[in-house]
Amino acid sequence: MTVEEALRQAYAHWNAGQAPQAEQRCLQVLQVLPGQPDALHLLGLIAHAYGKPDLAIDYLRQACLPPTAPALYRSNLAEMCRQKGLLAEAEQHARRATEQEPQLVAAWSNLGIILQESGKFEAGLQCLERVAALQPENAEVFNNLGNTFVRLGRLDQAQESYARALTLHPSYAEAHSNLAYLLHDLGRYDEAIAAARQAIDINPQLTDAYFNLAQIEISRMRYAEAMRWIDALMAFAPQHVGALTARALLLLKADHLDQALACARQAVELMPNSANAHNVLGQILQALGQHDDAAGCFERAAALPGTVAEEALVSRALLRLESGDKEGASNAFAQVLERFPGSVRSMAARADTKTYRADDPDIAAMEAALVQARKPSLSQQMSLHFALGKAYLDTHDSERAFLHLNQGNALKRATFAYDAGAISTWMCSIGDAFVPALMDKFKHAGAPSARPVFVLGMPRSGTTLVEQILASHPGIHGAGELGALRHAVDAAGKFPDALLHWGSEDFAAIGRNYLARTERIAPDALRLIDKMPSNFLYAGLIPLILSGARIIHCRRDPVDTCLSCYSKHFAGEQGFAYRLDELGIFYRDYQALMERLRQVLPADRLLEVDYESVVDDLERQARRMIAFLDMPWDEACLQFHQTRRVVRTASVSQVREPIYATSKGRWHRHAAQLGPLLAALGMDLPAGPTA
């Protein structure tokens, strides 16, 4: 048999679906002619089909070594490099293929996709438009054009391209999946879910469709549903890097940091050149307090080809802000804008680092971004509205501030379901559960430890300020907002219903669970502050599970508190905060619950601190809190704004400054905009020029 005959047989076997026989013939050819390009090319295709991408790339690299290697081989190598995340090499091979054979549609198509994934959108668009001109009935090219238009923010053209692709090929699963991604960006979640499900019905193993469904559910804060889709994807693609990074982010949101870290590290190991994997790993390391390593991940993500460089650079800037390096953060944001002029993400993210003046150029730039023909994505629109709301509050332009705050809050509120009545009923049931008899019966049941200190209350009520003051003491560590208490309680049963069935050992077990979750945090600290505001829901339970724990309840003027909540685009779940009436209802429910718990909590375990009192007399209140924690006084508590520690809350900028009284009674100048909130709080709209 000649080499030519062996190769013909090899390709015939391959086309007939007989991969083992095809592989055998190719290996026989290579025994006679090592480096024979056609045999190496086919071996590469076989390896790729069997899920061995590294081996496939190795074969194709060898196949493309001769200058006379066909352009198709270089085009196929480019696509395999793209799938492996080797975008720079992929672009090199694809360009060589187009130069070698200018009419090779596959090469232009591959180059367009590679350029798109590298963030070179305009260049990618030119390639794909060339393919469309060569093959106007090719549904695939219109699908790829849609993807590029999405990246360019030309969403109307993207939708038209996907529609053209689906007209040409109604059962094109990838186009249905990509349309789902676009509809998600437009905030049309129900339609997006339907499109992604249709893609899965057509192709049950289309990984992107599962991934898109997970992203949609994450945007709706339905994390359990998102994890269900990721689990379904990983059932048949356990090493899908996108799925691993999505799982890592979901585990991060659930405070399962060790599992999240393992997922992210696996993703990076599988695809070392994935910018997104490095970016997600950075976010998890940041949550774990490993800030130097996190910064390295963000810098690596920004240096790699892809579309996440801007996000990674913003994350690096925010990391510096959280670490107390305000000047470094400011410079880092400036670097983002230098590399990405007009970066909406950067301008919105740095809003809390500055006090705006009316002539601040960021205001005009953000306003322009909202009205341009190429609208930002829904999430970016939200960020811009909140940033502009903050800017106009700074400049005392109440009307414009609430024009943007109302729009930003409405966009956010439309992304999830929230039942204010159900929440009211639940919070009332918590108050009903903690009766004096229960508190007396189990008052000595809890795990004994004087280390935990719970600083709780409504968000934006001064909890971060109190933590910063206390954490300036050398014997006290501020751990930030921990989810440990919620997880410990959830592991024991449904709260508060399960209280009826718990005995002394159950309460002690929850306490031990909490201590186990926090023991590795600053183990030498005599006091550990858990500053999760929503722990007020468990305030009645704390003395029963941790007999030595202390609670500091932060209070602030109700309207100032609610206004501050309404002006923040929270990173976490604060479903009550995005409508003024629902915000007022929630505040009253919180107030009623704390009033009931105040009657049954041990007096020596509860200290209530008013934000306004701290502003008026810092030293007196600081000494009062330190004494309550049974710690010796330290003057560093009065210089809290100079304490270098990580702060990961919406108040990150405020606690770096000395106390000012400007935030007291701030709501009065905006009273005319707060009618629904005041009504829900049972207050009348004040009369006078302000109203």
Once the in-chain neighbours fewer than 8 apart are removed, the aspartates and glutamates whose Cα is under 14 Å from LYS568 read ASP352, ASP394, ASP560
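Taking only the C-alpha atoms, wrap a convex hull around the chain and report its volume per residue in Å³ as a whole number.
Values: hull volume 122.4 nm³, N = 691.
Taking the convex hull of the Cα positions in the chain, it is 177 Å³ per residue.
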Dividing the helical contributions, -39500 (n - 2.57) per DSSP H run of n ≥ 4, by the residues of the chain yields a 222 nm value, nearest 500 deg cm²/dmol, of -19000 deg cm²/dmol
Rh_Kirkwood(segment 53-113) over Cα pairs, Å, one decimal, evaluates to 11.0 Å
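Under 14 Å from the Cβ of LEU104, count the other residues' Cβ atoms, weight Lys and Arg +1, Asp and Glu -1, and hand me the total. Show your work: numbers first, answer last.
On the way: positive: ARG74, ARG95, ARG96, ARG130; negative: GLU79, GLU99, GLU101.
Neighbour charge sum, excluding LEU104 itself: +1.
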When the charge dipole of the chain is computed with +1 on Lys and Arg Cβ and -1 on Asp and Glu Cβ about the Cα centre, the Cα farthest towards its positive end, among GLN157, ALA603, HIS473, belongs to ALA603
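Report relative contact order for the chain in percent, whole number only (criteria: Cα-Cα under 8 Å, sequence separation at least 6). The partial results should precede the final answer.
Numbers: 1051 pairs, mean separation 58.4, N = 691.
After rounding, I find 8 percent.
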Computed from the beta carbon distance with a Förster radius of 41 Å, FRET efficiency for ALA365 and GLU269 to the nearest 0.05 stands at 0.55
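Compute the Rg to Rh ratio over segment 342-415 from the alpha carbon atoms, using the Kirkwood formula for Rh, and round to two decimal places. Display every interim value, and only then the final one.
Values: Rg = 11.3 Å, Rh = 12.1 Å.
That ratio equals 0.93.
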Exposure-ranked with fewest Cβ neighbours within 10 Å first, LEU618, LEU183 stand as LEU618, LEU183
Any lysines whose Cα falls less than 25 Å from that of LYS84, other than same-chain ones fewer than 8 residues away, would be LYS52, LYS120
So, over other residues within a Cβ distance under 13 Å of SER564, counting Lys, Arg +1 and Asp, Glu -1, the net charge is +3
Taking every other residue with Cβ under 14 Å from the Cβ of ALA47 and scoring Lys and Arg +1, Asp and Glu -1, one gets -1
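All of the numbers you see were taken from the coordinates with simple rules; none came from a lab. This one's a predicted model, so the numbers in the text were calculated from it and none came from an experiment. Neighbour counts run over all protein chains shown; Cβ positions are idealised from the backbone, glycine included.
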